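This report concerns only the one structure given below.
What follows is calculated from the coordinates using simple rules that are stated; it is not laboratory data. Predicted, not measured: the structure shown is a model, and the values here were computed from it. Reconstructed Cβ throughout: ideal geometry from the backbone, glycine too, with neighbour counts over all protein chains shown.
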Amino acid sequence: MVAAWDIRFADQVTAAHARAVAALCPVTALVNNAGRNSYADPVTMTKGEWDDVFAVDVKAAWLCARAVLPAMIAAGRGRS
């Protein structure tokens with residue numbers, strides 16, 4: 001069974017990464033493929049709407065990379 005988690009939140013990314021490492025092995029490959037579309041007018045877009053787009057499209061990629069990079073560096077290899 002796959003547990004649901006939200007890539008917008010650092011604690012959930014960290015927990016999911018820990019579960020993956022415990023079940024499999026250190027992660028040495030990462031595909032940051034999450035994203036969302038926003039068709040909002042930038043003039044009328046709310047701060048909350050912008051924060052949500054940024055959290056999924058930019059922050060989540062950083063959180064996932066931050067979680068796996070120490071193992072990649074230790075292994076002397078990795079792909080993202």
Study note, to complete from the structure: Per the helix-only model, the chain has a calculated mean residue ellipticity at 222 nm (DSSP H runs of ≥4, -39500 (n - 2.57) each, divided over all residues, rounded to the nearest 500) of -15000 deg cm²/dmol
Practice item. Counting other beta carbons within 10 Å of each Cβ, put 25, 64 in order, fewest first. Key: 25, 64
Exercise for review: Treating the angle as unsigned and between 0 and 90°, give the value, to the nearest 10°, between the Cα long axis of helix 60-75 and the longest Cα principal axis of the chain.
Suggested key: 20
Check your understanding: Which label marks the calculated value of Cα extents along the principal axes in Å, given the options (i) 64, 39, 14; (ii) 46, 29, 16; (iii) 42, 34, 23?
Key -> (ii)
**Study point:** residue 77-residue 20 pseudo-label distance in nm [points 7 Å out on the Cα-to-Cβ vector]
**Key:** 1.8
